[in-house]
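First up is the structure itself, then whatever we jot down about it.
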Amino acid sequence: MAFTLTMPEVGETVTEGTIERWLKQPGEQVSKYDPIVEVNTDKVNVELPCPVNGKLLEILAKEGETVAIGAPLCTIETVAGDQPAETAPPTPKEEPGARPAPPPERQPAPAGAQAAGTEPSRADGRTDGAGDGRRAGERQRATPRVRKLAEELGVRLEQLEGSGPGGRIVEEDVRAAASGAPAQAGAAVAEPAPAAQPPRAPAPARAGADEETVALTGIRKTIAQRMAASAFSAPHAWLAFEADVTGLVQLRQKVKDAFAQRHGVDLTYLPFMAHAVAQTLLDHPYLNASWGEDRIVLKKRVNLGIAVATDRGLIVPVVRDADRLSVAGLSRAIYDLGERARTNKLQLDDVQGGTFTLDNTGAFGSIVSMPIIAQGQSAIITLEAITKQPRVVGDGAIAVRSVVMLCLSFDHRVLDGHQAGYFLQEVKQRLEAITPDTGID
């Protein structure tokens, strides 16, 4: 009996996905729940699990091909009597007026807490290494990040013995092979997060004496399509306010060391901005909305998208119910999402359902920027670099203060300048009200 695997429904705003890599080939045996294909959907790479036991008969969507939700991906000859498993859990529908309880705040493990032979849990309750024991003729298992590293270093994965659970190849195995040193058995499985640096462009291919061409990756195509669609469909308007955040700078300086010891993450300015934005959105629903052609849809939950720069491109994971989290809770949530974005461990649910986006352009030294609104939202705000500036204070004296620009792009179909102005004004007031004695838990 033949079973056809189709592109699953992964979110109300997602209509297609790009086939990045087939993990099985025609004629190979496949097991229920084992990854069968990597798909790039909404700027995140995920492995789709096989819903049946059997043998892969035919691949219907080639690598690099973009297919619509519901389109056939492959056919599988199933074991007699085998019932397909759901490829993705159904999304619960929100009752009108109801406000779901927020998920518990994640407690990230301190640096170095993951012991050798352990891996982060997956959404389906298995670890990344579960069910990865190698069978005869099966290709070595490795994450997209590890495969990319192997290509860059000229290492052939099929010739390696992985030191991870079930023979999984980890980054240390690839680097050891490239240097000619033996891989350390039992090395920690978790891939270390790369040091913060600007995203690296793909290696260019020589096209002529005076020019070069670069092949588009799946994520680059997705970003291009979505940004173009937003820029040419939503009339963008822009505002910028300056905020005096001297009190915030003093507070962070006062508590950052104790915070890092207590929570295992660095305290940055971003969670303070996220907290101010999330609380202000409760008073300004048209900033937490979307355009619906014949209606404006006001979102009842504040799901804050946080832009993260990675070596694969810009990814925007979502902090759900951000208005219900403290500064400390937001700091842990943002750190967790950022680390998983940079190590390619995000799940589809992590990038779905955002209602408003925050971009930390100041991390690169930017002092003013004009971001493009994410499709399905009505606004995006940036936190620029905090700089020391002379300002007139109090009785006319001049003092050195810490100031920052808050830049907002908004969809002029959904709201007008006075609504955007009131929103930015309240965000500014919340940030300026922070003192060295303000609580963050």
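Go through region 256-267 residue by residue and tally those that are surrounded by fewer than 18 Cβ atoms within 10 Å (Cβ to Cβ) and of a type outside the set (Asp, Glu).
Here the count works out to 6.
Which residue, of 400, 427, 414, is hydrophobic (A, V, I, L, M, F, W, C) and closer than 13 Å to residue 273 by Cα?
Result of the check over 400, 427, 414: 427.
Residue check: is residue 273 surrounded by 15 or more Cβ atoms within 10 Å (Cβ to Cβ), out of contact with any Phe, Trp or Tyr (no Cβ under 9 Å at 6 or more places or on another chain), under 18 Å from residue 407 (Cβ atoms) and at pLDDT 95 or above?
It is true that residue 273 is surrounded by 15 or more Cβ atoms within 10 Å (Cβ to Cβ), out of contact with any Phe, Trp or Tyr (no Cβ under 9 Å at 6 or more places or on another chain), under 18 Å from residue 407 (Cβ atoms) and at pLDDT 95 or above.
Please enumerate the residues belonging to region 288-316 that are in contact (Cβ under 8 Å) with a residue 40 or more places away in the chain and outside any strand (DSSP E or B).
288, 299, 300, 301, 302, 303, 307, 311, 312, 316
When you scan region 253-272, do you find a residue that is among the aliphatic types (A, V, I, L, M), in a helix (DSSP H, G or I), closer than 17 Å to residue 374 by Cα and assigned by TED's automatic domain parsing to the domain that holds residue 351, even just one?
Scanning region 253-272, I find no residue that is among the aliphatic types (A, V, I, L, M), in a helix (DSSP H, G or I), closer than 17 Å to residue 374 by Cα and assigned by TED's automatic domain parsing to the domain that holds residue 351, so the answer is no.
Quick one: is residue 362 touching a residue at least 12 places away in the same chain (Cβ under 8 Å), in a loop (DSSP other than H, G, I, E, B) and small (Gly, Ala, Ser)?
Considered against the rule, which asks whether it is touching a residue at least 12 places away in the same chain (Cβ under 8 Å), in a loop (DSSP other than H, G, I, E, B) and small (Gly, Ala, Ser), residue 362 comes out as no.
Across region 390-441, what is the number of residues that are touching a helix residue (DSSP H, G or I) at 6+ places or on another chain (Cβ under 8 Å) and assigned to a helix (DSSP H, G or I)?
Total satisfying the criteria: 8.
Regarding region 401-413, can at least one residue be identified that is exposed (fewer than 15 other Cβ atoms within 10 Å of the Cβ), modelled with pLDDT of 95 or more and within 27 Å of residue 258 (Cβ to Cβ)?
no
Out of all the residues in region 225-254, which are surrounded by fewer than 17 Cβ atoms within 10 Å (Cβ to Cβ) and more than 20 Å from residue 382 (Cα to Cα)?
If the condition is that a residue be surrounded by fewer than 17 Cβ atoms within 10 Å (Cβ to Cβ) and more than 20 Å from residue 382 (Cα to Cα), then 225, 229, 232, 233, 250, 253, 254 are the ones that fit.
For region 206-222, which positions are hydrophobic (A, V, I, L, M, F, W, C) and either at pLDDT 85 or above or surrounded by fewer than 18 Cβ atoms within 10 Å (Cβ to Cβ) (or both)?
Hits for region 206-222 are 207, 209, 214, 215, 216.
The values are calculated or read from the model by the stated rules, or taken from the named source; none is laboratory data. Because the structure is predicted, anything quoted here is derived from the model rather than measured. Cβ atoms come from the backbone with ideal geometry, glycine included; neighbour counts cover every protein chain shown.
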